[in-house]
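> Below: one structure in structure tokens.
The values are calculated or read from the model by the stated rules, or taken from the named source; none is laboratory data. Computed from a predicted structure; not experimentally measured. Here the Cβ positions follow ideal geometry from the backbone for every residue, glycine too, while neighbour counts run over all protein chains shown. Please note that ligands, DNA and RNA were not included when accessible areas were found on the heavy atoms of the full protein model with its side chains. Shrake-Rupley method; radii C 1.70, N 1.55, O 1.52, S 1.80 Å.
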Amino acid sequence: MTAAPIPALLGIRHVALFTPELEASVAFWVQTMGYQVEWQPDADNVYLTSGSDNLALHRRGVDAGLQRLDHIGLAVNTPTDVDAWADRLRGLGVALQTEPRTHRDGARSFYFREPGGALVQVIHHEPISKP
């Protein structure tokens with residue numbers, strides 16, 4: 001018997017983060033990163049969207065044992081977009097964890113932390129950055 005084909009995945013389109021600083025995290029994602037509030041069911045949960053994804057922020061104290069996420073990657077269309085985002089964030093007073101660099105595989109990226117402490121990568125990587 002032949003196994004049924006595996007349906008194609010569309011990629012990661014939803015991430016949920018615990019944050020001890022819900023209001024600061026929402027303000028950052030909306031004002032700095034350009035997300036919009038999609039739904040806020042209560043004072044401790046907010047769902048945001050860029051139009052092609054969903055980011056859930058949940059108020060909760062975060063300790064080293066709770067948060068298991070390494071980082072979130074936000075794809076951009078071109079390598080120069082990576083640098084433009086780095087310039088924008090620096091201009092808004094966001095400290096970069098790393099400076100933009102081109103990786104051995106040709107991808108270009110940098111990292112920063114959002115107010116809740118999650119590590120975020122802005123990345124151009126040809127297979128995922130097609131417009």
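> Of all accessible surface on region 35-131 at a 1.4 Å probe, what whole percent is carbon and sulfur?
Values: 2820 of 5730 Å².
After summing per-atom areas, the C and S share lands at 49 percent.
> Using only protein heavy atoms and a 1.4 Å probe, report how much of I128 is accessible, in Å² to the nearest 10.
100 Å²
> Run the simple label-point estimate for L92 and D105 please: 7 Å along Cα→C-beta, distance reported in nm.
Output for this residue pair reads 2.7 nm.
> Using 0.36 nm per residue of separation minus the Cα-Cα distance, give me the extension gain between Q40 and S52 in nm, one decimal. The partial results should precede the final answer.
On the way: separation 12, 0.36 × 12 = 4.32 nm, distance 1.81 nm.
Gain in length upon complete extension: 2.5 nm.
> Stokes-Einstein D for region 9-131 at 4 °C, 1.567 mPa s, Kirkwood Rh over Cα pairs, in µm²/s?
Details: Rh = 15.1 Å.
D = 86 µm²/s.
> Something else: Determine, for each peptide in 87-96, 18-27, the mean count of other beta carbons within 10 angstrom over its residues, then list the peptides with the highest first. Before the final figure, lay out the partial values.
Working: 87-96: 12.3, 18-27: 17.7.
Highest to lowest by the protection proxy: 18-27, 87-96.
> Expressed as a rounded percentage, what relative contact order does the chain have, with Cα pairs under 8 Å and six or more residues apart?
Numbers: 212 pairs, mean separation 31.0, N = 131.
Taking the mean separation of contacting Cα pairs over the length of the chain, I get 24 percent.
> Further question on the same structure: Give me the one-decimal nm value for the distance between modelled label points at H14 and I128, 7 Å along each residue's Cα-to-Cβ direction.
1.8 nm
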